[in-house]
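Reviewing the structure listed below.
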Amino acid sequence: MTSKVLIVLAVLVLLSGGAAFIFFKLWRKKAEAYRLEHERAERLRYQVELAQNEAKIRKEVFQNAEEEKHKTDGLSGRDKFNAITNSLRDD
């Protein structure tokens, strides 16, 4: 009688251990998938942020260039050169 109880307990322990092992493996797989997705989202967010900053800088540069161009519209070639050189020295 006690040997049958021990066999049943051993089978229950083995089954619960196997179920815990399978659960752990599935949990690890989902955790890894979540981590990879999180890393991918971070990379995409960084790329979007970088593109936005680049567009902002490009807009500022072209706006400044257009302003300088309008400032020197009525000047001769040498005066334009001097005005541009002076503006670069001030920055």
Revision key, fill the gap. If we keep only residues of the range 41-62 that are open to solvent by 100 Å² or more (accessible area, probe 1.4 Å) and among the polar types (S, T, N, Q), then the residue farthest from the chain's Cα centre (by Cα) is Q52
Exercise for review: Working only within the range 18-73, note down all residues that are closer than 30 Å to N86 by Cα and not charged (D, E, K, R).
Suggested key: N53, A55, I57, V61, F62, Q63, N64, A65, H70, T72
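Give the number of residues within the range 68-84 that are part of a helix (DSSP H, G or I) and surrounded by 10 or more Cβ atoms within 10 Å (Cβ to Cβ). I'd like the intermediate steps shown before the answer.
Pass one, the range 68-84, residues part of a helix (DSSP H, G or I): 68-71, 77-84.
Going one step further and asking which of them are surrounded by 10 or more Cβ atoms within 10 Å (Cβ to Cβ), we end up with 68-69, 71, 79-84.
So the count comes out to 9.
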Point to revise | Contacts under 9 angstrom Cβ, first residue in the range 57-75 being closer than 16 Å to L88 by Cα, partner surrounded by 10 or more Cβ atoms within 10 Å (Cβ to Cβ) and charged (D, E, K, R), 6 or more apart | key: T72/D79; T72/K80
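The values are calculated or read from the model by the stated rules, or taken from the named source; none is laboratory data. If you're wondering where the values come from, they're calculated on a predicted model, not measured in any experiment. Every residue, glycine as well, gets a Cβ built from its backbone with ideal geometry; the counts of neighbours run over all protein chains shown. These area figures cover heavy atoms from the full protein model, side chains too; ligands, DNA and RNA do not enter into them. Shrake-Rupley method; radii C 1.70, N 1.55, O 1.52, S 1.80 Å.
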